[in-house]
Structures are given as C-alpha cells and as structure tokens.
Amino acid sequence: MSNAEFEALRGQLDDINLKLLDLINERGKLVKEIGKVKEKQGVHRFDPVRERSMLDLILDKNEGPFETSTLQHLFKEIFKAGLELQEDDNRKALLVSRKKKPEDTIVDIKGEKIGDGHTHFVVGPCAVESYEQVSQVAEAIKNKGLKLMRGGAFKPRSSPYDFQGLGLEGLKILKRVADEHDLAVISEIVTPSDLEQAVEYLDVIQIGARNMQNFELLKAAGSIDKPILLKRGLSATISEFINAAEYIMSRGNGNIILCERGIRTYETATRNTLDISAVPILKQETHLPVMVDVTHSTGRRDLLLPTAKAGIAIGADGIMAEVHPDPAVALSDSAQQMDIPTFNDFIDQLRSSMVKA
Ligand code: PEP
Ligand code: MN
C-alpha cells in the first residue's frame, strides 16, 4: 500500500469519526427531548425494559466484525451518557447557586457593600440591655469607622428562665442609637408575624441558627424588602444551609448574607466547631456573601482574633463579633463578649494583619 493510499484510509476514518460525532450528538438532542416529556409525565428517566430492547436490536442487526458484547458495551456507555444529559437538564439549578448567577451578589446596607471584596464587621452586644449599654458600643463602633451594629432584642435562649431579650423595646433602642450615630442595625427576628414591625426599626433581619430551618420564617423573610443575615443551623449540613437560603430567595428576596457560626461536633474545647472550610465552599456554590461569626462559633474570647484572621484569610466577606461595655455583667454570652478596649485592639490587629497580607 502506498503512503498516499494509507493516508486516504486514515482520512476515511476521520470522516467516520465526524459522522459518529454528529450522530451521537443528534442522539443526545433526541434524548433530551424525550427527557422533557418524561419529566412532564413524571415517569422515571431510566427505563431498563427499553434499554434491553435497544440492546436486543443491536444483537439482531449486528453483522460484525465487532462482537455483539463489545457493541452492547459501547452502546451501554452511550445510553448512560444520555441519561446523565437528561439529569443535568432536569436538575434545577438553585437560585442562590453560582450556576444560576456567576457574579457575586453584593448586599448594600446603607452604603456598606457586603461582598464587594472588602472585609466588613458586624459588632455589638449579644443582647440589647439598655439605651446606655448600646450607646457605649455604638460610640466605639463609630470611633473605629465601622457602620454595622448588631444587638439581640428577641433572644432564642436554651432555657426559658434565661433573659429573653427586651423585644420591641430593644428594637426601638437599637434604632434610636443607630440614628444618633448614623449606623445600620442588624437584629434577630424569631417569629414571622414580628417581621412586619421589625422592618421599621432594622436595616438587616437576622435569622438565627436555631431558626435556620423554620421554613415559615424563611418564607416570610423572602417576602420582605430587607436584607437577611441567615446563620447556619447548629447541626445543618452545607446543603441544608444553602437550601434554607433558597427558601428566602425563592420568595423574591435575594439580599441574603450567609453566616457560618460554628456547628455541633464532639469537640468540647470550643462552644461550637468553626467550620472554616464552609466559607470557600459557600462562596463557590453560591453567589451570596459569607460572614464568619467568631463569637458564637468559638465561645472563647482568646480565639476571637485568630479565628477572625482565619475567616478573612479564607475569603469571608465579613466578621461578626460581640462587644459589651462590661461583659462580666452581661445578661447573655458574658464569657465571650469583648469589652471596648479589647474590641479596639481586635480591630487594630486585624487591620494591621490585613495590610501586611
Ligand atoms: C446571635 O447572633 O445573637 C445568636 C443567637 O447567634 P446564633 O443564632 O448563631 O446562635
Ligand atoms: Mn450571643
């Protein structure tokens, strides 16, 4: 065989490959069409009886040189790829997913743009206790050039005998102090019926860890026009966390900030275990900004600074931490809230470490 003849044979092979390519893709298109019909009818995509009859047809018609078993194996692979194509099509991309929206969502809170690539801080007392207490913290926040203040008015406590928060009175204090210092406020709401009133006082509604799967609250939060800070549940997987955010977004509110606040593990050295790798996973899987709450995850004052550094280093959009003018007398979380000098030092150290990096 001459060289030219050999090259001609190779050329024919290339032509056949291209024909096969066209045919396989054409088959793929048909399979997708069939998948849509099956989805509408609610029938299973995988139909072993139908596969068997397709394989039997190959057995019937095969004239060689390939063995029927070899061909059946090849066709089985093509069937499998077709099934995957149908599944990909039907697996609905979540609204919160990067697949649905590749660009980062930026949540604007009175000009503070969470998710803009800078580190933002949400600080304030665990619970609102008095006007004076909140004012002192607001002053400290302002002095550091920060904008976002937190404070609990409706406190979800493990014991019904512990301080439950000042309720509406607490929201009023937060609003008054925030207005006086030109700050934005974040506070937790635990009941859907309280949301309507809360939006008058708050700039961000927090849904706490214990309510991450309170689906009625999530749906109600999805129907209001206010940013939502959603905390990860105590024992929630990342997928459950993402789906909780989806509940909110599916109702029309896409202004959501996710907050990793530690999960329950067997470890007792910290109050919870800060799942630091959740941050990049959430950033990859969703387009939402992600914060790290260093207070509730660690429950330890000595770990606030290193975990905040870790959060920033791993790509968190913000850090939440609790600050109280006199933590020793705080009505909740007294062991881990920072006093004001400690808070000042905390911010200074983080800022200098960020500059160094
Ligand atoms: C809080 O932030 O006040 C709080 C109660 O946090 P978590 O829901 O994460 O426990
Ligand atoms: Mn607290």
**OP:** Report the residue count in the stretch 230-246 for those that are among the charged types (D, E, K, R) and in a strand (DSSP E or B).
**Re:** 1
Original post:
What number goes with the only condition from (1) within 16 Å of ligand 2 (Cβ to nearest atom); (2) outside any helix (DSSP H, G or I); (3) of a type in the set (S, T, N, Q) that THR307 does not pass?
Top reply: (2)
Subject >> Filter result for GLY170 (within 16 Å of ligand 2 (Cβ to nearest atom), at pLDDT 95 or above, in contact with a strand residue (DSSP E or B) (Cβ under 8 Å, 6 or more places away or on another chain) and part of a loop (DSSP other than H, G, I, E, B)) >> reply: no
Subject >> Filter result (touching a helix residue (DSSP H, G or I) at 6+ places or on another chain (Cβ under 8 Å) and surrounded by fewer than 24 Cβ atoms within 10 Å (Cβ to Cβ)) within the stretch 166-182 >> reply: LEU166, LEU168, ILE173, ARG176, GLU180, HIS181, ASP182
Subject >> Residue selected from the stretch 335-345 under the condition over 16 Å from ARG150 (Cα atoms) and either of a type in the set (Ser, Thr, Tyr) or surrounded by 14 or more Cβ atoms within 10 Å (Cβ to Cβ) (or both), by the criterion farthest from ligand 2 (Cβ to nearest atom) >> reply: ASN344
Original post:
Are any of the residues in the stretch 101-109 in a helix (DSSP H, G or I), out of contact with any Lys or Arg (no Cβ under 6 Å at 6 or more places or on another chain) and among the basic types (Lys, Arg)?
Top reply: no
Original post:
So ARG27 clears everything in (1) loosely packed, with under 10 Cβ neighbours inside 10 Å; (2) part of a helix (DSSP H, G or I) except one condition, right? Which one?
Top reply: (1)
**OP:** Tell me which residues, restricted to the stretch 202-252, are surrounded by 20 or more Cβ atoms within 10 Å (Cβ to Cβ) and of a type in the set (Phe, Trp, Tyr).
**Re:** PHE241, TYR247
Original post:
In the stretch 130-140, is there at least one residue being touching a Gly at 6+ places or on another chain (Cβ under 7 Å), away from ligand 1 (no atom under 16 Å from the Cβ), in contact (Cβ under 8 Å) with a residue 24 or more places away in the chain and of a type in the set (Val, Ile, Thr)?
Top reply: no
**OP:** Could you tell me which of the residues GLU180, GLU139, GLU129 is within 14 Å of ligand 2 (Cβ to nearest atom) and either of a type in the set (Phe, Trp, Tyr) or over 25 Å from ASP317 (Cβ atoms) (or both)?
**Re:** GLU129
Original post:
Yes or no: SER187 in a loop (DSSP other than H, G, I, E, B), touching a residue at least 12 places away in the same chain (Cβ under 8 Å) and either polar (S, T, N, Q) or more than 16 Å from ligand 1 (Cβ to nearest atom) (or both)?
Top reply: no
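The values are calculated or read from the model by the stated rules, or taken from the named source; none is laboratory data. Keep in mind it's a predicted model, so treat the numbers as computed, not measured. Here Cβ is always computed from backbone atoms with ideal geometry, including for glycine, and neighbour counts include all displayed protein chains.
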